[in-house]
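Everything on this sheet refers to the single structure shown next.
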Amino acid sequence: MTTFFIVAILALGFLITFQIAKASEYVAVLRGEEHAKKQNNKVNAFILLAFLILGMIGVYYCNERLKGKILGEAASVHGDQIDSMLYITIAVTGLVFVITQIALFWFAFKYQASDDRKAYFFPHSNKLEILWTVVPAIFLTVLVGFGLYYWFKITGDAPKDALQVEITGSQFKWEYRYAGKDGIFGKKYFKKIDPAQNNPLGQLWEDAANHDDIVLESGDMHLIVNKPVKLIINAKDVIHDVGLAHFRMKMDAVPGTPTTMWFTPKFTTKQAKDKWGPDFVYEISCDQMCGKGHFSMRGTILVETQPEFDRWMISQRPKYFAAFPDKDPNAIKTDTTGKRSDSTKVAALSVPGNKTIN
């Protein structure tokens, strides 16, 4: 209903403007072209001034009404830095916007055509050309410098103790892989991708490093609060984009070309729910149009404490054992006498950068 009213108001405004323009043409015919031209000039000058005043009020109102409701507080350390850069950019460009718009509309009103004043022709000034070229160039260079600094921090080397998570996009879902106790991701080959054979990422099973890797085809990506995480980003089919709005991060997922980024979560999911409501979730969106199901390509992140993450890792079963259940040492087996033996003892598990858990 709100959208309908907005469209109706815009349509009505257009109709009124059109009718005023037509009426002005008829008045010009009846009164004479020169008189009508002067009258229209005055009307346009007042309209421009009114537009300036109402526009500035609208900008201020929207800012006050929506402030804090779009993204909220950043949930990562990098996010705080990105927000700082954003606020600096908005402050600089906002100041320029206000000054230039006031000057533009005020000059249009004050110096409207008049029989009592002759226009002053000012064809060129080297000093002014240098001024309005050099000053913006300096400000833009500073802003670009900030951007490059944060960009290289995000895409640069992650801390050595960072948790590494591989995220792979495909139409229209996200899949995650964690290195096992050896801390090494096994090798993959795209021709080996076969979900029907429990190999959705194309892992090479002859590589022993794959035997303890944890693969999640659905569910949450698990991260640790206050611990750096490095995302290794891949795609199976078309270009996707890992969008983490709450962490202020995004990076393309390109088939055949892994990309990376890293950040440090500041709040657990539980803390975030306390801050932003019980329905809050950390979301992974695909920020690249990737097909007709693009809108549904949504993942979620669960940020938890180190002990909670360790317990979750212990409960996971490597994908290797889903592909080869007979090789699972924790599976229930039948011995030579026909009796069932249960070897479900949990082996010691060590997450890279974390303590060993038994």
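The values are calculated or read from the model by the stated rules, or taken from the named source; none is laboratory data. What you see is a predicted model; the values in this text were computed from it and never measured. Cβ atoms come from the backbone with ideal geometry, glycine included; neighbour counts cover every protein chain shown. Note: areas computed on protein heavy atoms with side chains; ligands, DNA, RNA excluded. Shrake-Rupley method; radii C 1.70, N 1.55, O 1.52, S 1.80 Å.
If R0 is 25 Å, the Cβ-Cβ spacing of L10 and K42 corresponds to a FRET efficiency of close to 0.45.
Neighbours of W174 by Cβ distance under 15 Å: Lys/Arg scored +1, Asp/Glu scored -1, total -4. Computed over protein heavy atoms with a 1.4 Å probe, the carbon and sulfur contribution to the accessible area of region 108-234 reaches 60%. Taking 7 Å steps out from each Cα toward its Cβ at S114 and N226 produces label points 6.8 nm apart. For region 187-228, the solvent-accessible area works out to 50 Å² per residue, with a probe of 1.4 Å and every protein chain left in place.
By the helix-only formula, in which each DSSP H run with n ≥ 4 contributes -39500 (n - 2.57) and the sum is divided by residues, the chain has a 222 nm mean residue ellipticity of -14500 deg cm²/dmol.
In the context of the full set of protein chains, residues of region 1-131 present 83 Å² of accessible surface per residue (probe radius 1.4 Å, heavy atoms only).
Between L140 and Q306, the C-beta separation translates, for a Förster distance of 25 Å, into a calculated FRET efficiency of about 0.05.
From the largest down, region 153-274 spans 42, 31, 29 angstrom on the principal axes of its Cα atoms.
Taking Lys and Arg as +1 and Asp and Glu as -1, the other residues whose beta-carbon sits under 13 Å from that of Q288 total -3.
Here each label is just a point 7 Å from Cα along the line to Cβ, and for L54 and D194 those points are 6.8 nm apart.
With a cut-off of 18 Å on the backbone N, the residues of region 38-76 near the modelled label site 7 Å out from W276 along Cα-Cβ are 66-76. A209 sits among other residues whose Cβ lies under 13 Å from its own Cβ, and their net charge, with Lys and Arg +1 and Asp and Glu -1, is -1. Estimated at 0.36 nm per residue, the fully extended path between R298 and A208 surpasses their Cα-Cα distance by 29.2 nm.
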